[in-house]
Amino acid sequence: MAGEGWVMGIIWHVLVLARNTIVDVWGGWSMEILLGASFLMQLVLTFSAGFRWRGDSPMLRNVIWLFYVSGDFVATLALGHLSVSGTSGKRRLVAFWAPFFLLHLGGPDSITAYELEDNQLSARYVLELVLRVTGAVYIVYKSISGSWALVPAAWLMLLVGVAKYTEKTLALHGANLANVRRSLERQQHRHHMGGGNHHSQQLAFATDDNDGALVMKAHALFHICKNSLVDSSVDIESTSPSTALFDLRWKELFRVMEIELSLMYDFLYTKATIIHTWHGYCIRALSPLATTVSLVLVELSNEGGRRHKQSDIVITRVLLVATFLLESASLLRALSSTWTGFLLHSKLQPGWIRHEVLCMRRWHRFHSVIMSLGWPAKVQAHRQWLGKMGQLNMLQLVITQKELERPAPKGGQFWDKEYQRCSNETMIPENVKKLVSELVSRQLKELRDYVKKVVAQEGADALSQDVNLLEMAVYLRKKRGQQALEKNNLLSDLRWSLGNELQLGILTWHIATNMFLLLSGKAAKAKGDEGPKVCAIMTLSNYMMYLLALRPYMLPGLVTRKLIELTCEELAQIWSEHRAAPAAVDDLESSSSPSFCNIRVFMRGKFSQWHNRWRVSTRLSHGRAEEEEELARMLIERDNETALNKYLSRGIDVAQRLLDLVDSRKEIDMVQVILAVWVEMLFYASYQCSKESHAKQLSQGGELTTIVWLMAEHAGLFLVNKTIKGAEEANWKKRKANKKKEAGTSDATVNKLS
């Protein structure tokens, strides 16, 4: 006991000593610690925030989130500490650091909001701006006086800090979707009040356009994306440049959509809309100059080297030099940005300046030089989407869940972990991009050509009365597989398989697609033209299942997580029952062997479990494919009296029906039909998903569905056209009469058959 008391006494004295040391260090160096931490956080955010939208790493996003939240806290804590403690005498220079905390609160240009919800709190940020600026002014006024050099230096840096902090607040306020809609409505009102004579510049897309030309043209079309983000209408003439967009090859079309995705990210989550204005450029041009003047004035205020504490002088010098470098880099990035390039192309009037800057390609050379300087940070890749899509296969999930010896599934939390474990991300294959882009653009181009024809012949008012246009719009907006089936005369056979909700259709067709590809041999033996189509089908099916399980907010309709869990549980139960007999034999053999053999079997099982966890995200081996086929065959050959989950049973029935149709309808390319169904489901999910969900997902890298949604918006599906008086009522009466006519025909057919 005495020995234990002696040890506890030592531990207690060490803790007391450590506490006193921390208190002493904090008491003497608290402001230095807070200043260093705040600057370090801003430095990390400056160099890392630009990678966030490309979805490079979840760990990187967590680091950005930590520094984004902690940076504001540290800067606010420092301002509060300074306002309470105050400074005087030789430590008067500490108060000069207050404007720098405002500068840090303004944050780097590459991030204003971490989540879309931050923009919705813009009113709160305005109040915080007023309070923090008031605190900084109070600190400077109270603590810095009597020095002809230090006072103007402090107020000069205070103006810079207030300007940069105000920029962040304005950017948050401007990216609030409600404010975006009001701003666009004001612009449209001014346009109509001005006579509506302004027409957007006609753009011509060429097949030999380089990446720089595509970037400029994507900027010119960005107003369509911004209007559609808040469901605001756009005049037909304002969207006329996008008609040529769908004449591009699939690679260029997909590239333009990627660029617009990056522009949308800039608009919602960075200071881009504030930077690239005349006052934004002025602030960036004057900020390095103001920092340089402040450095000179600080040196003059320390004339003789005795007026300020030496450590404070050193810290202030380092702080001013580092701020000068960061502000100069901010100026160069702003001038070399593609936003600046677009402003020069669209706003500069023909003349000597335009000739020197653009025709002589001076800005383009400057842009290339700055981008080359930023190659270690991949600055040139900012306009490139990472191009990844999530993958989740239900059959693979069930098989690996059994293999890893998971316990019996209990509730949603278990399956949430299983979804995360078995899901992975893959680069979108080129053939998937090609097939999806070509199919979607072909469908959308049909509607655009029809709209153009009707407007040319009968005027815009005819659009609201044209039944064919309404039917095409309904097809593109509301069909989720029906059109693909109807084109191949399969709608009467398979209409029931699509269900009443998209999410239920995805669940049914995911099971059916896997079973069909496995049992028909197409998953392993696809060759020639069929190979890329099968790959596209598998990728899209797994992607839609990934959205259903892990990103349900990216899909329209009711959330059906419980149905997915029940389906997974039934599949797991079927698979476990099938494996129960061999497992029982193994257990009997292991129990009859010596104890050291049990240990060996246990260690071998643990090693196998670890090894299989490592293999979960890799491509399935040939043996795993055989197990999938075995599970699919078990399902298709099940006893008809066995009760199954409704949607699992429906998926099995669809697979059986597809296999039967392959034999009975040999003229139909069933692989092409299944691919078209998945493309329609992708299009439907993209267009029916809420705009807020598209915008929110951008902060985590974006989704393929957002790319497809942008294609739809550029095709003009969101146009709100003018109608003549009474047109809507006439259309409603016409549709009602057609429905009555169809109902009467149906009743007559029934009576005839009876």
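The values are calculated or read from the model by the stated rules, or taken from the named source; none is laboratory data. Nothing here was measured: the structure is a model prediction, and the numbers come from that model. Cβ coordinates were reconstructed from backbone atoms using ideal geometry, including for glycine residues, and neighbour counts include every protein chain displayed.
Remarks
- Whether a residue is free of Cβ contacts under 8 Å to residues at least 60 places away in the same chain and in a helix (DSSP H, G or I) was assessed, and residue 46 does not pass this test.
- Filter pass, residue 650 being modelled with pLDDT under 90 and either over 37 Å from the mean Cα position of the chain (by Cα) or not in a helix (DSSP H, G or I) (or both): no
Rundown of residues vs (1) among the acidic types (Asp, Glu); (2) touching a residue at least 40 places away in the same chain (Cβ under 8 Å), yes/no style:
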position	(1), (2)
492	no, no
501	yes, yes
508	no, yes
512	no, yes
534	no, yes
547	no, yes
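Let's see how each residue does on (1) part of a loop (DSSP other than H, G, I, E, B); (2) surrounded by fewer than 20 Cβ atoms within 10 Å (Cβ to Cβ):
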residue	(1), (2)
93	no, no
99	no, no
104	no, no
109	yes, no
126	no, yes
134	no, yes
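- When residues in the stretch 118-137 are screened for being within 12 Å of residue 170 (Cα to Cα) and in contact with a Phe, Trp or Tyr (Cβ under 9 Å, 6 or more places away or on another chain), 2 of them pass.
- Taking residues in the stretch 276-288 that are more than 13 Å from residue 339 (Cβ to Cβ), and partners anywhere that are of a type in the set (Phe, Trp, Tyr) and in a helix (DSSP H, G or I), the pairs with Cβ atoms closer than 6 Å and at least 6 places apart or on different chains are 288/324.
- When the residues of the stretch 170-179 are filtered to those that are hydrophobic (A, V, I, L, M, F, W, C) and surrounded by fewer than 22 Cβ atoms within 10 Å (Cβ to Cβ), the one that is nearest to residue 75 (Cα to Cα) is 170.
- Of note, residue 693 does not satisfy the criterion of being free of Cβ contacts under 8 Å to residues at least 40 places away in the same chain, in contact with a Phe, Trp or Tyr (Cβ under 6 Å, 6 or more places away or on another chain) and not aliphatic (A, V, I, L, M).
- Residues satisfying the criterion are present in the stretch 103-112 (criterion: among the acidic types (Asp, Glu), in contact (Cβ under 8 Å) with a residue 40 or more places away in the chain and in the same structural domain as residue 299 (by TED's automatic domain parsing)).
- The set of residues from the stretch 4-22 being at pLDDT below 80 and either closer than 17 Å to residue 81 by Cα or within 45 Å of the chain's Cα centre (by Cα) (or both) is empty.
- Residue 547 falls short on exactly one of the conditions (1) farther than 24 Å from residue 630 by Cβ; (2) modelled with pLDDT under 80, and that condition is (2).
- Verdict on residue 171 being within 36 Å of the chain's Cα centre (by Cα) and closer than 25 Å to residue 84 by Cα: no
- The lone criterion from (1) surrounded by 16 or more Cβ atoms within 10 Å (Cβ to Cβ); (2) hydroxyl-bearing (Ser, Thr, Tyr); (3) under 37 Å from the mean Cα position of the chain (by Cα); (4) assigned to a helix (DSSP H, G or I) left unmet by residue 83 is number (3).
- Filter result for residue 471 (surrounded by fewer than 15 Cβ atoms within 10 Å (Cβ to Cβ) and modelled with pLDDT under 75): yes
Results for (1) within 30 Å of residue 134 (Cα to Cα); (2) crowded, with 17+ Cβ neighbours inside 10 Å; (3) modelled with pLDDT under 85, shown as yes or no for each residue.
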| position | (1), (2), (3) |
| --- | --- |
| 153 | yes, yes, no |
| 159 | yes, no, no |
| 168 | yes, yes, no |
| 187 | no, no, yes |
| 191 | no, no, yes |
| 196 | no, no, yes |
| 206 | no, no, yes |
| 214 | no, yes, no |
